[in-house]
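Undergrad: Please find one structure pasted underneath; my questions will follow.
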Amino acid sequence: MSDASEVREGPSLKTVVTASAAGTAFEWYDFFVYGTAAALVFDKVFFPNSDPLVGTMLAFATYAVGFLARPVGGVLMGRMADRYGRKPTLAVGVAMMGLGSLLIGVAPTYAQVGILAPVILVVARLIQGMADETGGPPADRGARAGGLPLAAVTGRADPEAAGRAYTVLA
């Protein structure tokens, strides 16, 4: 005995796109801040025994780890979202991003713990990269919403096509 007034509509496409864009903006802000720190600070803090150029390259390699983990995180988080729902998956993603950021913020320096310091940094970046919750809502909206971050990462001009490619991969 279902009445049309009892059917709960999902959020509007405008709400979904706005939330997705805001989340993407915060996520890319994190990448921007980390990239700046990798360029200016991390070579001296985490790789002080290396040549300055090599230290900078190693710092940027830790930056790349976050990008390399994103597709794997997107597939895993997308599967989690399909199984447990979007809201719990978003909460897990936000918690993972926070945990990764916290680890980076409290990570000891190379002078304090030696080689363990860059290892902690890489683990933190892996956690942040795996926090990618681009699964988006199911059906057509998933192709659109999920394609926005993927289009930015792959450089595709058409986020919807990137979203369809992502859906095939997931």
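The values are calculated or read from the model by the stated rules, or taken from the named source; none is laboratory data. It should be emphasised that the depicted structure is a prediction, and the values quoted were computed from it without experimental measurement. Cβ sites come from the backbone with ideal geometry, for glycine too, and all protein chains shown count toward neighbours. Protein only, heavy atoms only, side chains kept; ligands, DNA and RNA dropped before computing areas. Shrake-Rupley method; radii C 1.70, N 1.55, O 1.52, S 1.80 Å.
Undergrad: Return the total of residues in the range 68-85 being open to solvent by 60 Å² or more (accessible area, probe 1.4 Å), out of contact with any Leu (no Cβ under 8 Å at 6 or more places or on another chain) and in contact (Cβ under 8 Å) with a residue 12 or more places away in the chain.
TA: The initial filter retains those residues of the range 68-85 that are open to solvent by 60 Å² or more (accessible area, probe 1.4 Å), namely 68, 71-72, 76, 79, 82-84.
Cutting the leftovers down to out of contact with any Leu (no Cβ under 8 Å at 6 or more places or on another chain) gives us 68, 72, 76, 79, 82-84.
From the residues that got through so far, the ones that are in contact (Cβ under 8 Å) with a residue 12 or more places away in the chain too are 68, 72, 76, 79, 82.
Total satisfying the criteria: 5.
Conditions tested, residue by residue: (1) in a helix (DSSP H, G or I); (2) modelled with pLDDT of 90 or more; (3) within 18 Å of the chain's Cα centre (by Cα).
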residue	(1), (2), (3)
G10	no, no, no
T18	yes, no, yes
F26	yes, no, yes
D43	yes, yes, no
A64	yes, yes, yes
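Undergrad: Before we move on, is L58 part of a helix (DSSP H, G or I) and in contact with a Ser or Thr (Cβ under 9 Å, 6 or more places away or on another chain)? Let's see the steps before the verdict.
TA: Values: part of a helix (DSSP H, G or I): yes; in contact with a Ser or Thr (Cβ under 9 Å, 6 or more places away or on another chain): yes.
Considered against the rule, which asks whether it is part of a helix (DSSP H, G or I) and in contact with a Ser or Thr (Cβ under 9 Å, 6 or more places away or on another chain), L58 comes out as yes.
Undergrad: Please state which of the following conditions A95 fails to meet, knowing it meets all the rest: (1) small (G, A, S); (2) within 20 Å of T36 (Cα to Cα); (3) assigned to a helix (DSSP H, G or I).
TA: Evaluating A95 over (1) small (G, A, S); (2) within 20 Å of T36 (Cα to Cα); (3) assigned to a helix (DSSP H, G or I) leaves (2) as the failure.
Undergrad: Which residue out of P88, P108, P118 is crowded, with 20+ Cβ neighbours inside 10 Å, modelled with pLDDT of 85 or more and not aromatic (F, W, Y)? Even if it seems obvious, please write down each step before you answer.
TA: On the way: P88 fails: crowded, with 20+ Cβ neighbours inside 10 Å; P108 fails: crowded, with 20+ Cβ neighbours inside 10 Å.
One residue alone meets the criteria, P118.
Undergrad: Going through the range 24-64 one residue at a time, which ones are surrounded by fewer than 18 Cβ atoms within 10 Å (Cβ to Cβ) and of a type in the set (V, I, T)?
TA: T24, V33, T36, V41, V54
Undergrad: Next question. Would you mind telling me which numbered condition in (1) under 26 Å from A19 (Cβ atoms); (2) in contact with a helix residue (DSSP H, G or I) (Cβ under 9 Å, 6 or more places away or on another chain) V113 fails?
TA: Here V113 clears every test but (1).
Undergrad: Is it fair to say T36 is out of contact with any helix residue (DSSP H, G or I) (no Cβ under 6 Å at 6 or more places or on another chain), of a type in the set (S, T, N, Q) and closer than 30 Å to I115 by Cβ? Quick ask: steps written out before the conclusion?
TA: Details: out of contact with any helix residue (DSSP H, G or I) (no Cβ under 6 Å at 6 or more places or on another chain): yes; of a type in the set (S, T, N, Q): yes; closer than 30 Å to I115 by Cβ: yes.
For T36, the condition - out of contact with any helix residue (DSSP H, G or I) (no Cβ under 6 Å at 6 or more places or on another chain), of a type in the set (S, T, N, Q) and closer than 30 Å to I115 by Cβ - is met.
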